[in-house]
1. Which one of these is at pLDDT below 85, surrounded by fewer than 15 Cβ atoms within 10 Å (Cβ to Cβ), of a type in the set (S, T, N, Q) and in contact with a Cys (Cβ under 8 Å, 6 or more places away or on another chain): 91, 104?
2. Tally up the residues in the range 1-21 that are among the small types (Gly, Ala, Ser) and within 15 Å of the chain's Cα centre (by Cα), please.
3. Scan the range 93-105 and report the pairs whose first residue is free of Cβ contacts under 8 Å to residues at least 60 places away in the same chain and whose second residue is assigned to a helix (DSSP H, G or I), with Cβ atoms within less than 9 Å and a gap of 6+ or a chain change.
4. Take the residues of the range 41-58 that are buried (at least 16 other Cβ atoms within 10 Å of the Cβ) and of a type in the set (Val, Ile, Thr): which is nearest to the chain's Cα centre (by Cα)?
5. Taking into account only those residues within the range 8-33 that are assigned to a loop (DSSP other than H, G, I, E, B) and at pLDDT 90 or above, which is nearest to residue 62 (Cα to Cα)?
Amino acid sequence: MQTFVVLLRGINVGSTRKVPMADLRTTCLKLGWQRPETYIQSGNLIVDAPGDTQQVRRVLEPELGAHVGERTCIAGAALWIDYGLPGVAGSKLTPALLDKACGSPTTGRNWNTVLKIGDMLAARNKA
């Protein structure tokens, strides 16, 4: 088993696409995955699972589809964007533009969330 960080796009935003994080953790356990952890309600998941990213995607995608019709996409590498001031709201780098440039759906997290996920990973490695 290896550890995966899964960042779900558009989960629990507005009144649609609701996925309780407790349900997401339970789903992971039912799949035979280990130590599922979530951070806040926006689809940040850390889990130990067998296989590679494509195998995790193939298993998780149908499970998420049952909840919200979510489709996953593995891009392989991270893209870091520092939006500066006034932040993402003032940027011309729209989600649609980023999706097109990357050739797949994209998602983002603020720096505090990235740091917290890093802390969670560090704590898992100590356990």
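1. 104
2. Adding up the residues that qualify gives 1.
3. Correct list of pairs: 93/101.
4. 46
5. Here the residue is 31.
The values are calculated or read from the model by the stated rules, or taken from the named source; none is laboratory data. No experiment lies behind these values; they were computed from the predicted model shown. Backbone-built Cβ (ideal geometry, glycine too); neighbour counts: all protein chains shown.
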